[in-house]
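Here's the structure we're looking at; comments come further down.
Values quoted throughout were computed directly from the atomic coordinates according to the rules given, and no laboratory measurement underlies them. Predicted model, so just to flag it, every value in this text is computed and none were measured. Positions of Cβ are generated from backbone atoms using ideal geometry, with glycine treated the same way; all protein chains shown enter the neighbour counts.
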Amino acid sequence: MTELTCRELIDFLDDYRSGSLPAERRASFDAHLAGCGHCRDYLRTYEDAIRMGRQALGSGDESAPPEVPKALVNAILNAVRKPPH
Amino acid sequence: MVAPPTVQNDPDMLDLPALRAGDAAAFERLVQRHAARLLVITRRYLGDEHEAQDALQDAFIAAFRGLPKFEGIARLATWLHRIAVNAALMRLRTRRRRHEVAIESLLPSFDTTGHRIVAREAWSEPADALLERADTRDTVRRLIDRLPDDYRIVLLLRDIEELDTAETASMLGISPGAAKVRLHRARQALRQLLEEELSR
């Protein structure tokens, strides 16, 4: 089994995470992670970043307007009432 | 499995026959029900309030034209959401690029032997604990907004809208391989920006 570098591990991190690597390749990723604290930290914080992005934007608590401006609603309704050219 | 929309589980379904027939009152109810939620979506992509409102208008016009062909297999809210995302993407394609930080500066660097050059310690606090802080979500949103558009949009489509790689690639007119690379770089860049912010 060839030894993996940090660069190779990080370049193919999403393939590793998604389980799409062949078994032998996956084993070399596991072996590298077991011996490299920096890459373990990188994997952990990479996954944290994904989770934090999802929580920050996907939870529906972005600053919603208290209401949509009435002028905008009227503009939308007027636009669809126009006959097509 | 998601239950198909019915009059009982989806308030829009009651209006669907009228909407398909182009009924103005039913369409106004649709706009009133969904506009605020969709404006949040177009804002997320465009940032600028004026552009977000224009994209919302584009989206409702497209929806009005598409309603006669809406089959009712998906929820109307889901269909509108997709239309709003598309409208925002169309606006993004035509606008001038913002002053953007180069993605390369946000990617990890390596020495000649392939070992990562570690400039600072990674954060150790669990993400859940960080997210409990009132300001963390605002910080994460601000950092996502700093990503170059090409990368930010892929991150939104894949990690927030949860589209798959093929759908994302199709919406952006790029290859699935390019979508995968952009997503990985966007996640790396967000990780980097978070590290800089959290280690202050």
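Computed from Cα positions, the angle between helix B:76-94 and the longest principal axis of chain B comes to roughly 60 degrees. Annotation: Cα Rg of segment A:6-81 relative to the compact-globule expectation 2.2 N^0.38 Å equals 1.96.
Modelled this way, with points 7 Å down the Cα-to-C-beta line, the labels at residue A:71 and residue B:102 are 4.2 nm from one another. Legend: ranking of residues A:14, B:111 from fewest to most surrounding C-beta atoms inside 10 Å; resulting order B:111, A:14.
Between helix B:11-20 and chain B there is an angle of about 60 degrees, using the helix long axis and the longest principal axis of the Cα atoms.
Rounded, prolate or oblate: which fits segment B:103-198, taking a ≥ b ≥ c as square roots of the Cα gyration tensor eigenvalues, rounded meaning a/c under 1.5, else prolate when a/b beats b/c? Verdict is oblate for segment B:103-198. In sequence order, segment A:26-41 has phi-based couplings of 4, 4, 5, 5, 4, 5, 5, 4, 4, x, 10, x, 4, 6, 4, 4 Hz under the Karplus curve 6.51 cos²θ - 1.76 cosθ + 1.60, θ = phi - 60°, and Gly or Pro positions carry x. Label separation (residue B:93 vs residue B:109): 3.7 nm, computed from points 7 Å beyond Cα along the C-beta direction. Across the protein assembly as shown, counting alpha-carbon atoms alone, Rg and Dmax equal 21.9, 69 Å.
Around the amide H of residue B:110, modelled in the peptide plane, lie the amide H atoms of B:117, all under 5 Å away and 5 or more residues distant in sequence or on another chain.
Measuring from each cysteine beta-carbon in the protein assembly as shown, the ones with no other cysteine beta-carbon under 4.7 angstrom are A:6.
Karplus-derived 3J(HN,Hα) values for segment B:21-38, using 6.51 cos²θ - 1.76 cosθ + 1.60 with θ = phi - 60°, are 7, x, 5, 5, 5, 5, 5, 4, 4, 4, 4, 4, 6, 10, 4, 5, 5, 6 Hz; glycine and proline are entered as x.
When B:180, A:82 are arranged by Cβ crowding within 10 Å, least crowded first, meaning fewest neighbours, the order is A:82, B:180.
Per residue of A:34-46, other chain Cβ atoms within 10 Å of the residue Cβ number 4 on average.
For segment B:35-132, the share of alpha carbon pairs falling in successive 10 Å distance bins from zero is 13, 27, 21, 21, 13, 4, 0 percent. Between residue B:121 and residue B:145, the C-beta separation translates, for a Förster distance of 30 Å, into a calculated FRET efficiency of about 0.75. Site pair residue A:3 and residue A:81 shows an inter-label distance of 7.5 nm when each label is modelled 7 Å from Cα along Cα→Cβ. When you work out D = kT/(6 pi eta Rh) for chain B at 25 °C and 0.890 mPa s, using the Kirkwood radius from C-alpha pairs as Rh and the Stokes-Einstein form, the result is 128 µm²/s. Calculated mean residue ellipticity, 222 nm, the protein assembly as shown: -20500 deg cm²/dmol, from DSSP H runs (n ≥ 4) at -39500 (n - 2.57) each, averaged per residue and rounded to 500.
Relative to the longest principal axis of the Cα atoms of chain B, helix B:136-146 runs at roughly 90 degrees.
Would you mind counting up the charge near residue A:11? Only other residues with Cβ under 12 Å from its Cβ, with Lys and Arg at +1 and Asp and Glu at -1. That works out to +1.
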